[in-house]
Amino acid sequence: MSGFKVNRRDFLRVLGWGGAGTALAGCDMPSTVTLEEGKEDVVAYFMPEEYVIPGVGVWYASTCTQCAAGCGVHGRVREGRALKLEGNPESAVNRGKTCMMGQAGVQAHYNPDRLTQPLLRDGNALKPVSWEVALKKIAEKTADIKSDRVAWLSGTVSGHQAVLINDYLNAYGSKQHFTHETINANVWQAVARDMLGDAQPVLRIDKAQSILSFGADFLGTWQSPVHFAAQYAKFRSGKRGILIQAESKMSLTGGSADAWVAVRPGSEGILALGIAQTLIKRGWAKGDVPAKVKDMLAKYDVGMVSNATGVAGDRIQRIAAVLSQRAPSLVLAGAPVEGAENAYDSVAAVMLLNVLLGNIGHTIEPSVQFAETRMQARTGGTRGVVEFAKLAEAKKLDVAFISHANPVYSAPGFVKMKEALGKVGFKVVMTQFPDETAMQADVVLPLYSALEDWGTHVAAYNAGSASISFQQPLMEPLYKETRGFGDAVLALLKQRKPKEYAAFNDYYAYLKASVTNMPAAVSKDIKNKDQIWNALLQKGVLETKGNVGKFKINAAVEAVAEVQGDAQFPYRLLPSARLGLWDGRHANSPWLQEAPDQISKIVWASWVEMHPITAAKVGVKGGDYVRVTSAQGSVEAQVYVFSGIHPEAIAVPLGQGHEEYGRYAKGLGVNPNKILSPVFDKKTGEVASYATRVSVTKLDKSARLTHLGASDTQQGRKLVSTIPAAIYRRTEGEA
Amino acid sequence: MSFKNILENWSAFRKDAEAGGHHKYDHRWGMAINLDVCTGCNACSTACYAENNLPVVGKERFEKGQAMHWMRIERFWDDADKQYPERGASYLPMMCQQCGAATCEPVCPVAATYHTPDGLNAQVYNRCIGSRYCSNNCPFRVRYFNFYSYYETWAEPLNQQLNPDISVRDKGVMEKCTFCVQRIRTANDKAKMENRSIADGEVQTACAQACPTGAIVFGDTMDPNSAVSKLWAKHEVKRGDYLSKKPKQHPEKRGYRIFEELNVDPSVMYLERVREEI
């Protein structure tokens, strides 16, 4: 499609054809809705744009970019405005469903604090300039740059956006693309890669009869929550699987557990090894493990494990019994385990349970290999941002590009990202919002919102099928001086390689050409190149051909080191993730700020969660302010007392504490990332973000905690009635 | 309730539809919410904000109990006496229960809240004078009063997201969950134009459509073949007068309606949460 020229009008025409067939059941017709029964006819007194019928909503397929899960969405557009997002039933990720962050996608688009013009640094201030000036400045600064002195730092990117970043860095001969996600599953993936030979195995929660989750918040913040939630609904029907959640702070998933087991923070891996030892000792193990591992396990008898983890011995044996009886089972490890200083070994211990229980191949399946590796999601963790900062700190970078991430806010405090960026010669930040990182930039390129932009996405967690999800604009850009991410990178590429990219007028042309010219090996659907494009946009997803991989099990698991205490800092800090504000990127959405935290029900604030035992020790009650101090600094917030947390842990949720980021986020609450200690998991190099030790001191200040609900208990009323599973099995359950 | 009704046939009027009372329903929209798969994730609540032009009130007003969340997730701890909440949290999605014998309706001095022929408790915004009697009388606490002109708080261009299918309410007006009446009316119009009745599943409320676990099922409880009717029947929950009702044939079936003993005839059936003893 070289030289394909498209203007807005044509583009909307294409959209119209693409979207007309996407009309959903329940799609709008001219309506005369009032709450009264009477009818009234509304006649529009204007000539509408093409494909705009006053009063008629049209649905377009696109992709949600609120997190890296890559859910397909349908956007409702009326009179040229995007109004509402629903799940795209065609998407294998979310099958027509959405989470709260997906619902708030429209608020990221209509956010009043969006950047509307490129900014250029002039001394201490950022001054608005035109795109031409901004791009010219970048061209100047990058003219004779050496390959190892340029880097790109991003959040999760995939599809053709990832290809373009890659191509741009290649134009310098650079490979320095760092990725950063505070909420990630990097250690899980590393362990899966080493033990199964597949970094992204497909999890079948729906097939499991019992699940033991070590802090894996798969219904809230782990990998692909909407996908897992649908699987969870199946898991809970029919025979009704058992969910056991072992963690030191109740997560959203823990709230739905049959049994919530409080574990001493950092000892999850030891608990896993204790269960493994019980399985072997009782002869319940189905899978085989090397003799060396069996020897290593010998010391993890129930007494020792109970001591180390704080979980009663009979409980450990009972969990082992449930898992072996209710087969197939599934054992998962999430953020608190992946963030411990013994992260890799702990997660490996968890994976060992899957091997012993014979789950490999049953509830853990090999992933489908995606044919176009360049389009695969480039996810990150915390290692990338630390490495990037080291380079910057050592003055080894002349130019840095930052997109899809806000590292000045989200990097651990000890990284000193702001200071490190100060040592980079020239920083280009591509973002939608005036965030903390943008404020440090030399050039800020304001981007389209997800509802205005083009793109292709490959889900970070591959939900059992390799597919490409399409992102198309739902409406005209709100601001003239913003551009699409792809357009911006394409403009940069043209500076480096004018000839190669001259054929593409814009990212739309590039994308269309790239997709329709994908080899047939990628998808059987790609036959008629002219028709395929519109069909893809209409459907929103392209299933690609992919080979199902094979597992190669390596169960050579090592012992898990016990975490050490510290008299000066008696508690472990859990920077817990929230479905909603996520890693802080959604703190500027008023809906998500006002949506109560699922566990504490607190709104518009940060808080410090602690167990009643801890609260008594510190001498505080709910609503009192405390100072949480680590070796790296301190934060102050109100106390929320509840018993769903281990007495040796305190939790400060992620998401608040923005110094910039618009009117809804700025100045609200605290950011626990800023007081993390520089502790790392040795084997993966990831920051052990759950390994910071803190002390808590009472402050002479107290206020009511703003939260939903007047009562924490049902006060004897039949509001949420609970029955034992035995009754369920009698009346509805399958044998 | 008109004076004519009272004079003509008071006894028939006092009976509900099942007992031969003279309500003539076209539909009776209802819900089934499975608390065993509700994870308390807030997707429904946020979807409701997006669909129904609900204002965000901010921290101070939230503290005063002025939040406008038509659909809210209540969270209870049932193991308050134990060291740990070992059975997790109890989540309750709570919104207007669209009662068949609603306590909010008869107390409205201006008949701003009334019963529609499809079984909804409707609120006529431009008739409402803000007495708040209805809210006082609602046992579920699901009516929300506009203490302020919240439309002034939608910072440009957030206001462009407002759903044109329904109005933005002004100060002094009571509002609440409508079962997404705009979606019902749109589907009704479409069905009428095509000379057919609404098919089951054609209308979904925003909350039901978003719910990641499919815990919320919405439909016409008068249509015996609808998914929601089947669930009501399976769990032996029937509409009508609580006091004269026979006990369930299988008392262990999970269906129940909250505060049914108040005889308000809610249109939302909840399915009990299940927990395994480990």
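What relative contact order, as a whole-number percentage, does the stretch B:29-271 give when Cα pairs under 8 Å and 6 or more residues apart are counted?
Reported as a whole number, the value is 27 percent.
Mind checking the per residue accessible area of the stretch B:29-271 for me, 1.4 Å probe, whole number of Å²?
It amounts to 36 Å² per residue over the stretch B:29-271.
Which lysines, if any, have their Cα less than 18 Å from the Cα of A:Lys239, not counting same-chain residues under 8 positions apart?
A:Lys207, B:Lys234, B:Lys253
Measure nothing fancy, just the Cα-based angle from helix A:485-496's long axis to the longest principal axis of chain A, in degrees from 0 to 90, nearest 10.
Between the helix axis and the principal axis of chain A, the angle is about 70 degrees.
Roughly how large, in nm² to one decimal, is the mean projection of the convex hull of the alpha-carbon atoms in the stretch B:29-271?
Value for the stretch B:29-271: 15.4 nm².
Can you give the calculated 222 nm mean residue ellipticity of chain B, where each DSSP H run of n ≥ 4 adds -39,500 (n - 2.57) and the sum is split over every residue, rounded to the nearest 500 deg cm²/dmol?
-5500 deg cm²/dmol
Leaving out ligands, DNA and RNA, and with a 1.4 Å probe, what % of the accessible surface on chain B is carbon or sulfur?
Its accessible area is 51 percent carbon and sulfur atoms.
For chain A, which whole-number percentage of the solvent-accessible area (1.4 Å probe, protein heavy atoms only) is attributable to carbon and sulfur atoms?
The nonpolar share, carbon plus sulfur, comes to 50 percent.
How well do other chains shield peptide A:80-89, expressed as the mean number of their Cβ atoms within 10 Å of each residue Cβ?
On the way: counts 1, 6, 2, 8, 7, 3, 7, 4, 0, 0.
If you average over the peptide's residues, the count of other-chain Cβ atoms is 4.
Tell me, what is the per residue accessible area of the stretch A:216-273 in Å², probe radius 1.4 Å?
Value returned for the stretch A:216-273: 12 Å² of accessible area per residue.
Quick one: order A:Asp314, A:Asp144, A:Asp487 from most to least accessible surface, probe 1.4 Å. Mind dumping the intermediate values first?
Values: A:Asp314 110, A:Asp144 145, A:Asp487 35 Å².
Ranking A:Asp314, A:Asp144, A:Asp487 by accessible area, largest first, yields A:Asp144, A:Asp314, A:Asp487.
As an exercise, identify the GluC sites (Glu not before Pro) in the stretch A:686-735 lying in DSSP coil whose Cβ has no more than 10 other Cβ atoms within 10 Å.
Numbers: sites: A:Glu686, A:Glu732, A:Glu734; in loops: A:Glu686, A:Glu732, A:Glu734.
Here the sparse-neighbourhood loop sites are A:Glu734.
Leaving out same-chain residues fewer than 8 places away, which lysines sit with a Cα under 20 Å from that of A:Lys529?
Filter leaves A:Lys5, A:Lys512, A:Lys539, A:Lys545.
Give the accessible area for A:Leu391 in Å² (nearest 10); use a 1.4 Å probe, count only protein heavy atoms, and leave out ligands, DNA and RNA.
40
Rank A:Leu445, A:Leu699 by accessible area, highest first, at a 1.4 Å probe radius?
A:Leu699, A:Leu445
Using a 1.4 angstrom probe on the protein heavy atoms only, line up B:Tyr148, B:Tyr270 by accessible area, largest first.
B:Tyr148, B:Tyr270
Among all the lysines, which ones have a C-alpha under 23 Å from B:Lys192's C-alpha, if same-chain residues fewer than 8 places away are not counted?
Hits, sequence-local ones excluded: A:Lys39, B:Lys24.
Quick check: Cα centre of the stretch A:659-709 to Cα centre of the stretch A:421-486, how many Å?
Cα centroid of the stretch A:659-709 versus Cα centroid of the stretch A:421-486: 26 Å apart.
Helix A:529-539 versus the longest principal axis of chain A: what angle, 0 to 90°, nearest 10, using Cα atoms?
Value to nearest ten degrees: 50.
Accessible surface of A:Lys396 in the full protein assembly, 1.4 angstrom probe, to the nearest 10 Å²?
For A:Lys396, the solvent-accessible surface is approximately 100 Å².
Beyond 20 Å, what share of the Cα-Cα pairs of the stretch A:463-555 is found? Please give it as a whole percent.
So the pairs more than 20 Å apart make up 53 percent of the total in the stretch A:463-555.
Find how much the distance from A:Lys239 to A:Ala321 grows on full extension, using 0.36 nm per residue of separation minus their present alpha carbon separation; answer in nm with one decimal.
27.8 nm
Rounded to the nearest 20 debye, what is the charge dipole size of the stretch B:29-271 about its Cα centre when +1 sits on each Lys and Arg Cβ and -1 on each Asp and Glu Cβ?
Here the stretch B:29-271 has a charge dipole of around 300 debye.
Considering only DSSP beta bridges whose two residues both sit in the stretch A:579-735, what percent are antiparallel, to the nearest 5?
75
If one takes the longest principal axis of the Cα atoms in chain A, at what angle in degrees, from 0 to 90 and to the nearest 10, does the Cα axis of helix A:313-325 lie?
That works out to roughly 60 degrees.
What total accessible area, in Å², is buried where chains B and A meet, using a 1.4 Å probe and rounding to the nearest 100?
Chains B and A together bury roughly 8600 Å² of accessible area.
Within 10 Å of each candidate Cβ there may be at most 16 other Cβ atoms; applying that plus a DSSP loop requirement, which trypsin sites (Lys or Arg not before Pro) in the stretch A:129-215 survive?
Hits after loop and neighbour filter: A:Lys146, A:Lys175.
Indicate, rounded to the nearest 5 percent, the antiparallel portion of the DSSP beta bridges found entirely in the protein assembly as shown.
Percent antiparallel among DSSP bridges in the protein assembly as shown is about 60.
Using Stokes-Einstein with the Kirkwood hydrodynamic radius over Cα pairs, what translational diffusion coefficient do you get for the protein assembly as shown at 20 °C and a viscosity of 1.002 mPa s, in µm²/s rounded to a whole number? It would help to have the intermediate numbers written out before the result.
Working: Rh = 29.6 Å.
Reported coefficient: 72 µm²/s.
Heavy atoms of the protein only, probe of 1.4 Å, neighbouring chains included. What is the accessible area of A:Val163 in Å², nearest 10?
Per-residue accessible area (A:Val163): approximately 10 Å².
Of A:Leu330, A:Ser237, A:Ala312, whose Cα points farthest to the positive end of the dipole of the stretch A:194-335 (charges on the beta-carbon: +1 Lys, Arg; -1 Asp, Glu; origin at the Cα centre)?
The residue sitting most towards the positive pole is A:Ser237.
With N residues in the stretch A:571-702, what two-decimal value do you get for its Cα radius of gyration over 2.2 N^0.38 Å?
Taking N as the residue count of the stretch A:571-702, the ratio is 1.02.
Name the residue farthest towards the positive end of the dipole of chain A from the options A:Met430, A:His227, A:Tyr479, assuming +1 on Cβ of Lys and Arg, -1 on Cβ of Asp and Glu, about the Cα centre.
Checking the options against the dipole of chain A, the answer is A:His227.
What dipole magnitude, in Debye to the nearest 20, does the stretch A:186-366 give about its Cα centre under +1 on Lys/Arg Cβ and -1 on Asp/Glu Cβ?
Rounded to the nearest 20 debye, it is 640 debye.
The values are calculated or read from the model by the stated rules, or taken from the named source; none is laboratory data. On a predicted model such as this, the values are computed, not experimentally measured, just so you know. Neighbour counts run over all protein chains shown; Cβ positions are idealised from the backbone, glycine included. Ligands, DNA and RNA are stripped out before the accessible areas are found, and what is left, the full protein with its side chains, is counted by its heavy atoms. Shrake-Rupley method; radii C 1.70, N 1.55, O 1.52, S 1.80 Å.
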